[in-house]
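Please read the structure below before turning to the comments.
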Amino acid sequence: MKVLLLRIAHARSGDKGDTANVGVIARREEYYPFLRTELTAKRVKAHFAGIVEGPVERFELPNLWALNFLLHDALGGGGTLSLKNDAQGKTLSSAMLRMEVDIPPTIILPDEGHV
Amino acid sequence: MDCIRIASGQGFWGDLLTAPVDQLTKGPIDYLVMDYLAEVTMSILQKQKKKDPALGYARDLIPLMEQILPLLSARNVKVVTNAGGVNPLACRDAIFDVARRIGISPLKIGVVRGDDILGQLEELALAGVLLDSMETGDKLATVIDRVSSANVYFGAAPIAEALARGADIVITGRTTDTGLTLAPMIHEFGWRSDEWDKLAAGTVAGHVLECGGQASGGNFAADWRAVPDLAHIGFPIAEASPDGSVVITKHKGTGGLVSQQTIKEQLLYEIGDPTTYITPDCIADFTTIRLADDGPDRVRLSGIKGRPATDSYKVSMSYLDGYTAHATLTYAWPDAVEKAEAADRILRTRLADLGLRFDEIRTELLGVNSCHGPLAPRPDIVGEVVLRIGVRGREKGAVERFGKEIAPLILTGPPGVTGFAGGRPKPSEVVAYWPALIPKSALRPNVIMEEQ
């Protein structure tokens, strides 16, 4: 079943120069394996087409049921150089949660994620 | 030594002014740590110091000190802060002035100096310290005549030294945010400089505390509706133990929330490779962190592993790199989006007709796409939209002229436009950021103690 990532994960993003980081955290331990298989660096790069100019790196934090993504060249230069309203990439976390992921319906709690 | 309670009082310069007072009055704490410095702050402070040699530090600290100095001495709470900016001695003297005025004595303040290397760049270059950009590899020589601030990130060690020498308050310039929290642990527990796991644990605690309320329910994405009473949010507190385990909590009766989810979101904030979180004190491995519930609004962090520190400090430099200006206009229904886009085309045509050159012109529609860009679906009908146009360029004159082309759109562009109060947009300087590494052997932090 395809669901919005928002239903099974939460996220926070921030900046380091022109690179944004997005931490994606599974809402339950059972969801984490699906984050690992569904959210490949390649798919995330494709999702952010038109926003992220550079490569996407992915790191795993299984203890926290989380993945960390580095989105390079994503902030229009970063810092005070950037002309973007969201120059620090604060809302790229929720942009990430617009992704669709494939997950068996049997393991999703019906009220998860307020969607 | 039992556990000590280290409280976050400010996550950035401009944070909630009541937070440090709440931390002191709503429950027991041993240390109040306050982070005031962002990258761009150092450049602003250098500018202020140039105008007035008695400035160049986070001035918010002084009225705060007037308010809390009596509480600090009554409750035996020590303060660690990087509010010193580029003039920590002036910051110290301003605190002493306040203390004299309100009759707080004795007061011992430790100042960490040596991080400001703006005046030593050429000397360092002659000594073979090149400070090339660690992001692009570019030579510092390409921007050195435009550098407006240059500061080394020191770690916890000099702060711990100041505490060991009896400081009631420690004022630093550029210090890692995490070092502010780690230093009291090193001091109280006598951790050695090669106890990497413990130093990593203190560093992780520092990372949780460094953004204030963002660890205790602020900006919480998992379930923001479930966070009680954000109006009275309690900032996070680290209860640190000598063995390196840490409980993150907040004062009872305050608003906000401390849960595994709020802590996870903050742990992932602004990190890179989680196995290699580098500070001057150690390398912390965030993949080793174990979280456990420890009662209401209490989360225990344990199992944290660290590795030896590197032999470099990070240097943060800023340099002036042209000018920007922004303009906004609001377009109302009907056809709000189409009218905003038409106005943008008209403006760009006029700028081109004038022969003005910019490095970038960026157009965003607030309410439509300024956050999620092409990922946001284009709405069929909106009540209104804000057209936001920014320009960046080397020539101040061109950026200034852009500002004069906005108001004419009101009477010579599409209809239904408002929201242009505030006058012509003015150029502001672009402060670009130049990160570099410097060998630890090239300089030493210097701790100065003074009692009054």
Filter region B:382-401 for residues that are open to solvent by less than 10 Å² (accessible area, probe 1.4 Å) and of a type outside the set (A, V, I, L, M); the one that is farthest from residue B:336 (Cα to Cα) is B:393
Lone unmet requirement of (1) away from chain B (no Cβ under 12 Å); (2) part of a helix (DSSP H, G or I) for residue A:3 = (2)
If we scan region B:196-218, do we find a residue that is open to solvent by less than 10 Å² (accessible area, probe 1.4 Å) and assigned to a loop (DSSP other than H, G, I, E, B)?
-> yes
Any idea which of (1) assigned to a loop (DSSP other than H, G, I, E, B); (2) within 11 Å of chain A (Cβ to nearest Cβ) is the one residue B:363 doesn't satisfy?
-> (1)
Do you know which of the residues in region B:61-81 that are in contact (Cβ under 8 Å) with a residue 40 or more places away in the chain and charged (D, E, K, R) is farthest from residue B:30 (Cα to Cα)?
-> B:75
Within the bounds of region A:95-112, is there any residue that is assigned to a helix (DSSP H, G or I) and facing chain B (nearest Cβ under 7 Å)?
-> yes
Matching strands (runs of 3 or more DSSP E) fully within region B:260-333 where at least 2 residues are crowded, with 20+ Cβ neighbours inside 10 Å and away from chain A (no Cβ under 14 Å) | B:312-332
Evaluate region B:341-361: report whether one residue or more is buried (at least 21 other Cβ atoms within 10 Å of the Cβ), touching a residue at least 24 places away in the same chain (Cβ under 8 Å) and among the β-branched types (Val, Ile, Thr).
-> no
Looking at region A:72-101, which of the residues that are touching an Asp or Glu at 6+ places or on another chain (Cβ under 6 Å) and either open to solvent by 20 Å² or more (accessible area, probe 1.4 Å) or among the small types (Gly, Ala, Ser) (or both) is modelled with the lowest pLDDT?
-> A:78
Report whether or not residue B:105 is in contact (Cβ under 8 Å) with a residue 60 or more places away in the chain and within 21 Å of residue B:51 (Cα to Cα).
-> no
Residue match in region B:265-272 (condition: among the small types (Gly, Ala, Ser) and touching a His at 6+ places or on another chain (Cβ under 6 Å)) = no
Residues (at the interface with chain B (Cβ under 10 Å from one of its Cβ atoms) and open to solvent by 30 Å² or more (accessible area, probe 1.4 Å)) located in region A:32-71 | A:47, A:49, A:50, A:57, A:59, A:60, A:62, A:63, A:65
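Restricting region B:219-247 to residues that are within 14 Å of chain A (Cβ to nearest Cβ) and touching a residue at least 24 places away in the same chain (Cβ under 8 Å), which is surrounded by the most Cβ atoms within 10 Å (Cβ to Cβ)? Outline the logic, then answer.
Let us first name the residues in region B:219-247 that are within 14 Å of chain A (Cβ to nearest Cβ), namely B:219-227.
Remaining after also requiring touching a residue at least 24 places away in the same chain (Cβ under 8 Å): B:219-223, B:226-227.
Details: B:219: 17, B:220: 24, B:221: 19, B:222: 20, B:223: 15, B:226: 12, B:227: 19.
It comes out as B:220.
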Being within 11 Å of another protein chain (Cβ to nearest Cβ), within 16 Å of the chain's Cα centre (by Cα), under 18 Å from residue B:272 (Cα atoms) and among the hydrophobic types (A, V, I, L, M, F, W, C), is that true of even one residue in region A:85-94?
-> yes
For residue B:163, state whether it is in contact (Cβ under 8 Å) with a residue 60 or more places away in the chain and either within 21 Å of the chain's Cα centre (by Cα) or outside the structural domain of residue B:40 (by TED's automatic domain parsing) (or both).
-> no
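Rundown of residues vs (1) more than 23 Å from the chain's Cα centre (by Cα); (2) surrounded by fewer than 20 Cβ atoms within 10 Å (Cβ to Cβ), yes/no style:
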| position | (1), (2) |
| --- | --- |
| B:406 | yes, no |
| B:410 | yes, yes |
| B:416 | yes, yes |
| B:422 | yes, yes |
| B:429 | no, yes |
| B:433 | no, no |
| B:438 | no, yes |
| B:443 | yes, yes |
| B:451 | yes, yes |
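Condition check ((1) outside the structural domain of residue B:405 (by TED's automatic domain parsing); (2) on the phi > 0 side of the Ramachandran plot) across all residues:
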residue: B:285; (1), (2): yes, no
residue: B:289; (1), (2): yes, no
residue: B:300; (1), (2): yes, no
residue: B:303; (1), (2): yes, yes
residue: B:330; (1), (2): no, no
residue: B:350; (1), (2): no, no
residue: B:363; (1), (2): no, no
residue: B:390; (1), (2): no, no
Do you know which residues across region B:390-445 are farther than 23 Å from residue B:317 by Cα, within 14 Å of another protein chain (Cβ to nearest Cβ) and aromatic (Phe, Trp, Tyr)?
-> B:402
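The values are calculated or read from the model by the stated rules, or taken from the named source; none is laboratory data. Not measured: the values here are computed from a predicted model. Neighbour counts run over all protein chains shown; Cβ positions are idealised from the backbone, glycine included. What goes into the accessible areas is simple: the full protein's heavy atoms, side chains included, and nothing from ligands, DNA or RNA. Shrake-Rupley method; radii C 1.70, N 1.55, O 1.52, S 1.80 Å.
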